Amino acid sequence: MALTAQRTLFEKIWDAHRVETLPGGPDVLAIDLHLLHEMTSPEAFDELDRRGLSVRHPGHSLAVMDHVVPTLPGEDAWTDFARGMAHDLRAHCARFGVPLLPFGDARQGIVHVIGPELGLTLPGSTVVCGDSHTSTHGALGAVAFGIGTSQVGHVLAEQALLADRPKTMRVRLTGTLGHGATGKDVALALISRHGNQFGAGYAVEYGGAVVEAMSVEQRMTLCNMSIEFGARMGLIAPDARTVEYVAARPFRPVGADWDAAVAEWNELHTDEGAAFDREITLDVNGLTPYVTWGTNPAHAIPLDGAVPDPDSLPTEAARESAHRALIYMDLAPGTPVREIAVDAAFIGSCTNGRIEDLRAAAEVLRGRRVAPGVRALVAPGSTAVRREAEHEGLDEVFRAAGFEWRGSGCSLCVAGNGDILPPGARAASSTNRNFEGRQGTGARTHLMSPACVAASAVAGHLAGPGDLA
Amino acid sequence: MRPVVIAPTPVVEGVAVPFDYANVDTDAIFPVSADEIARREGFGRALFARWREADPGFVLERPRYAGASILVAGPDFGVGSSRESAVWALTGAGFRAVIAPSFGDIFRSNCARNRLLAATLDSAACAELREELSARPGARVSIAVSEGRLTGPSGRVFEVGVGEFARACLVDGIDEYDLLARRRARIEEVLARREHLLRPTTRVARPEPSGEHG
């Protein structure tokens, strides 16, 4: 037997945090970083109260307000619901000693944007949060996954949780992306090819030339969408780009701790010959921008395509879901995607609300105007992203084009803060979920990259930057 | 309002609803727009709120299914969000089990922690069970959790997948707080090895109040 078995990236991180494997059941896993937000934490703190427990490691936790906070200034922008949630989070954090970035703090933002941005999310660490898009943090080479509120309570109390060890899947992305294709398009292509539950039960490691060529922010978009592929976590081995990204972050380790960390990260890759439970390759050579037509992220096609006929789909479940989707989306099979008119556009979210996303959208909007009748919004992923964009003059570009320049938060991605679309509205959106009612009861969502959302806002129908005169 | 707490039990029994939908996402089960009313008046109020509102003939609105406690659904039930409110909506409305060919990962994990049985049944058998239930609206079903055995309305027995951890949650009523607390020393050992990387978190605690929206 070899003394050093080859291991995958996932196995190295998981095993370093595994406390114990329970007989026939889950592992006890120690958690390095626990991120909290106002929407999924109240009942967890209540449970600690009921049990008379304290927060064991407040220094491993950070709370932020993002899900229901307003993106407009002034007291009137707060819904009663949001005010209550914000009050509860502030009170809980104060009483339990959990560090909080409240609304109004310069470092506030969407939880999955600020973790990496502040240098809290580190390669090789375990990160959990009561939010399924915690998979985002895996882009830095972390084991990061969403948990329910019960487990938020467990992590507060013991800085550990019970978790089934997932199987491992490698997704190799080969080729060279076509013009205008981004991490978002790769994710939509992958999910539409294999289905929105293909990754269920797996930790997905993305690799290959396409991933190596991606910026860290693009990698975050890809890992973010892992949950829409059914996988609780997606991860990417840290490389020179990752180290460079983390090195620029305010709260990264410093001095000797930094040197030790970088030395450790250099070992954080899947060993040559390590076995995955499943390996797939997706050739994305020449990939062009994608867009969704239905009500789950697997309902995606190239922008050059047409709405498919549900009856042409391979399984009864897929046909049922597609039929229901087309009724909700008010679309007919065979409609060319570019003929679908939009009346709203949204740029933001933990998927595509970072500075590179805003730059890409602004590039399209420079010297152009949003089409008449289209309501367009941009909510930067964090207050720091907003400040940086303003420093670069992007806010002026968005405003001049007719976009509303908002504060940071989840905003129209989850429609829990008062930013909401009216029934029947059809949006081009840089978010992650096109579920029924996600952006408002009866509202219809088409997922796209930020540049394509900007182009659609200008064209007044689903479009890419290349379609604009 | 506090989520409904279900006592451990080896058997789940009750009226079963044939729920002929595939790929039901958590936002359909529990719309965010219903969160406010749910927290005030109980999570059950929010269950499929939009679908109930949009369709008066929606299956859960039919009198024959009043008091139902078992949902028999299509594949990929509960995909999407980690919001446990999707589970609380089901338990709040009186559901004790969901049977489906497959589930969203996080949703299923949340089910076990609320003692809502989320058991798998192969796709063809699940479709047959739904047909049996559609033919006899209001019929009852019984599930022996440890044995993973579901007895349908016609007496036909189906093997369902429960999972060892879910079984322990539902039948033994294990307490994860207690289980983790008993391993505290070993958890601390693992964390101590990583402490040098994690000190930054507490430094963030100092407020930096210059990010006013506006």
For the stretch A:328-351, check the following and say yes or no: at least one residue is part of a loop (DSSP other than H, G, I, E, B) and modelled with pLDDT under 95.
no
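Restricting to the stretch A:441-469, name every residue that is within 26 Å of A:PHE81 (Cα to Cα) and surrounded by fewer than 21 Cβ atoms within 10 Å (Cβ to Cβ).
Residues satisfying the conditions are A:THR441, A:GLY442.
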Residues of the stretch A:351-385 being surrounded by fewer than 20 Cβ atoms within 10 Å (Cβ to Cβ) and either more than 17 Å from the chain's Cα centre (by Cα) or over 20 Å from A:MET225 (Cβ atoms) (or both), in sequence order, are A:ARG359, A:GLU363, A:ARG366, A:GLY367, A:ARG368, A:ARG369, A:ALA371, A:PRO372, A:GLY373, A:ARG375
Item to complete: For the stretch A:104-116, state whether one or more residues are touching a strand residue (DSSP E or B) at 6+ places or on another chain (Cβ under 7 Å), facing chain B (nearest Cβ under 9 Å), closer than 30 Å to B:CYS169 by Cβ and in contact (Cβ under 8 Å) with a residue 24 or more places away in the chain.
Response: no
Taking the stretch A:271-323 and keeping only residues that are more than 22 Å from A:GLY437 (Cα to Cα), among the polar types (S, T, N, Q) and buried (at least 17 other Cβ atoms within 10 Å of the Cβ), one is left with A:THR288
If we keep only residues of the stretch B:14-46 that are within 15 Å of the chain's Cα centre (by Cα) and small (Gly, Ala, Ser), then the residue surrounded by the most Cβ atoms within 10 Å (Cβ to Cβ) is B:ALA46
Checking A:HIS92, A:HIS34, A:HIS67 in turn, the sole residue that is more than 8 Å from every other protein chain (Cβ to nearest Cβ), under 18 Å from A:ALA379 (Cβ atoms) and crowded, with 23+ Cβ neighbours inside 10 Å turns out to be A:HIS67
Of the residues in the stretch A:152-163 that are more than 7 Å from chain B (Cβ to nearest Cβ) and in contact with a strand residue (DSSP E or B) (Cβ under 8 Å, 6 or more places away or on another chain), the one that is farthest from A:PRO42 (Cα to Cα) is A:ALA163
From the option list A:GLY119, A:GLY178, single residue qualifying as surrounded by fewer than 24 Cβ atoms within 10 Å (Cβ to Cβ), farther than 22 Å from B:ARG183 by Cβ and out of contact with any Lys or Arg (no Cβ under 9 Å at 6 or more places or on another chain) is A:GLY178
The correct count of residues that are β-branched (Val, Ile, Thr), more than 14 Å from chain A (Cβ to nearest Cβ) and under 25 Å from A:GLY195 (Cα atoms) in the stretch B:30-85 is 1
Heads up, the helices (runs of 4 or more DSSP H) in the stretch A:1-116 (entirely inside) with at least 3 residues that are aliphatic (A, V, I, L, M) are A:9-17, A:80-96
### Task
Answer yes or no as to whether A:LEU222 is crowded, with 24+ Cβ neighbours inside 10 Å and either among the charged types (D, E, K, R) or out of contact with any Gly (no Cβ under 9 Å at 6 or more places or on another chain) (or both).
no
Result of the Cβ filter at 7 Å on the stretch A:247-263, keeping first residues that are in the same structural domain as A:GLU117 (by TED's automatic domain parsing) and partners that are of a type in the set (Phe, Trp, Tyr), at least 6 apart or interchain, is A:ARG252/A:TRP258
Within the stretch B:1-40, the residues that are part of a strand (DSSP E or B), under 28 Å from A:TYR328 (Cα atoms) and of a type in the set (A, V, I, L, M, F, W, C) are B:ALA16, B:VAL17, B:PHE19
(1) modelled with pLDDT under 95; (2) within 28 Å of A:VAL64 (Cβ to Cβ) all hold for A:ALA5 apart from (2)
Among (1) in contact with a Ser or Thr (Cβ under 8 Å, 6 or more places away or on another chain); (2) at the interface with chain B (Cβ under 8 Å from one of its Cβ atoms), A:LEU53 falls short only on (1)
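The values are calculated or read from the model by the stated rules, or taken from the named source; none is laboratory data. Here the structure is a predicted model, which means the values were calculated and not measured. Methodologically, a virtual Cβ is constructed for each residue, glycine included, from the backbone with ideal geometry; neighbour enumeration extends over all protein chains shown.
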